[in-house]
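Participant: I am attaching a structure below and will ask some questions about it afterwards.
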Amino acid sequence: MDQGGTFTDVVRVDEQGKTEVRKVLSRDARLAVLGEGATDLRRGTTVATNALLERSGAPVLLLTTKGFGDLPWIGDQTRPSLFSLRVSRPPPLVTGVLEVSGRLSADGEVLEEHEVSVEVLRRWVDRGVRSAAVVLVHGPLAPRAERHLGARCRQAGFTQVSLGHEVAPSRGLLDRLHTTLADAALSPMLPRAPGLYMRSDGGLARETGGADSEWRGAHAVLSGPAGGVVATAALAQRLGIPRALGFDMGGTSTDLCRVEGEPQRTDHVVIDGLRLRVPAVRLE
């Protein structure tokens, strides 16, 4: 089952190998109903991919170390056109920024405790912002600092809280920031019918409807395109084709892949100016 921005495609294969294909408008698609009777259900979606390209994700409040609130706009200062006097950059996935007092050392020592007022956070909730991203400098080395701020956000009424050390625990503040912001912006938009969903790396994440769910925005940025790569590799292997090109044209984006044997994978993906630290299939 592949849920796109316009259509949702359903492919049923019975025990005898007979295939049935059905296409419905995504606005009318009820995933639980479409999957009734299936013993093995797999889903993919381009909802997250489209939202990144269109910058239509949920509003996000960023909580970060004091002095780093402008990082989503400054980035690493790379210019797409070095000598252009007018550089147009895609907007970051940030609705507001709250700089938090407190410091962590480079080896994870808490030099100053982090604290934020619940009342201040509630003002953002009252404005309609329900997603928060918590990204501290050296955050993965002292997870309890981000967990404490995350608990404050939930106390204030945020329904989606993404913590940098959970979403992208590797070194590299800017990549971790982009990835956590994407997770916070995209997680509320994902389909949530229980079952298995295609991740960006071609693996599967389980949606349980509870706190133990593996399905989140950071895993979904290339969910739909990854399904096309996996399918291209499987078809090439079945037909005995050593090298194959996959061409997946949707309503918002078009994805190309080159397959020689198993799909190639990478530890990051760049989408419209965002460098996301997530395992993903390699696209052209």
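Participant: Could you please state how large a percent of the accessible area of segment 64-107 is carbon and sulfur, counting protein chains only and using a 1.4 Å probe?
Facilitator: 53 percent
Participant: Just to confirm the filter: which GluC sites (Glu not before Pro) across segment 148-254 are DSSP coil and have at most 16 other Cβ within 10 angstrom of their Cβ?
Facilitator: Listed in order of number, the matching sites are 214.
Participant: (i) 56, 50, 33; (ii) 64, 47, 36; (iii) 46, 44, 36: which one is Cα extents along the principal axes in Å as calculated from this entry?
Facilitator: (ii)
Participant: Cα gyration tensor of segment 35-153, axes a ≥ b ≥ c as square roots of the eigenvalues: rounded (a/c below 1.5), prolate (a/b > b/c) or oblate?
Facilitator: It is oblate, given that a/c is not under 1.5 and a/b is not larger than b/c.
Participant: Where Rh is the Kirkwood radius over the Cα pairs of segment 1-94, the temperature 20 °C and the viscosity 1.002 mPa s, what D in µm²/s does Stokes-Einstein return?
Facilitator: Answer, rounded: 123 µm²/s.
Participant: Mean residue ellipticity at 222 nm from the helices of the chain, using -39,500 (n - 2.57) per DSSP H segment of n ≥ 4 over the full residue count, to the nearest 500 deg cm²/dmol?
Facilitator: My calculation for the chain gives -7500 deg cm²/dmol from helical runs alone.
Participant: Something else: Which trypsin sites (Lys or Arg not before Pro) in segment 255-284 pass both tests, a DSSP loop state and at most 15 other beta-carbon atoms within 10 Å?
Facilitator: When the trypsin sites (Lys or Arg not before Pro) of segment 255-284 are filtered for loop state and at most 15 Cβ neighbours within 10 Å, 282 remain.
Participant: So how strong a dipole does the chain carry about its Cα centre when Lys and Arg Cβ are +1 and Asp and Glu Cβ are -1, to the nearest 20 debye?
Facilitator: Its charge dipole is roughly 440 debye.
Participant: Hey, another quick one. Averaged per residue, what accessible surface does segment 5-131 expose to a 1.4 Å probe, in Å²?
Facilitator: 65 Å²
Participant: What percent of all Cα-Cα pairs in segment 86-189 falls into each 5 Å bin, going from 0 up to the bin containing the maximum distance?
Facilitator: P(r) over segment 86-189, rounded to whole percents: 2, 13, 22, 24, 20, 11, 5, 2, 0.
Participant: Calculate the dipole size of segment 132-267 relative to its Cα centre from +1 charges on Lys and Arg beta carbons and -1 charges on Asp and Glu beta carbons; express the result in debye to the nearest 20.
Facilitator: Magnitude of the dipole: close to 260 debye.
Participant: For segment 133-229, what % of the accessible area comes from carbon and sulfur atoms, probe 1.4 Å?
Facilitator: 51 percent
The values are calculated or read from the model by the stated rules, or taken from the named source; none is laboratory data. Please read all numbers here as calculations on a predicted model, not as lab measurements. Methodologically, a virtual Cβ is constructed for each residue, glycine included, from the backbone with ideal geometry; neighbour enumeration extends over all protein chains shown. To get the accessible areas, we keep the full protein, side chains included, count just its heavy atoms, and leave off ligands, DNA and RNA. Shrake-Rupley method; radii C 1.70, N 1.55, O 1.52, S 1.80 Å.
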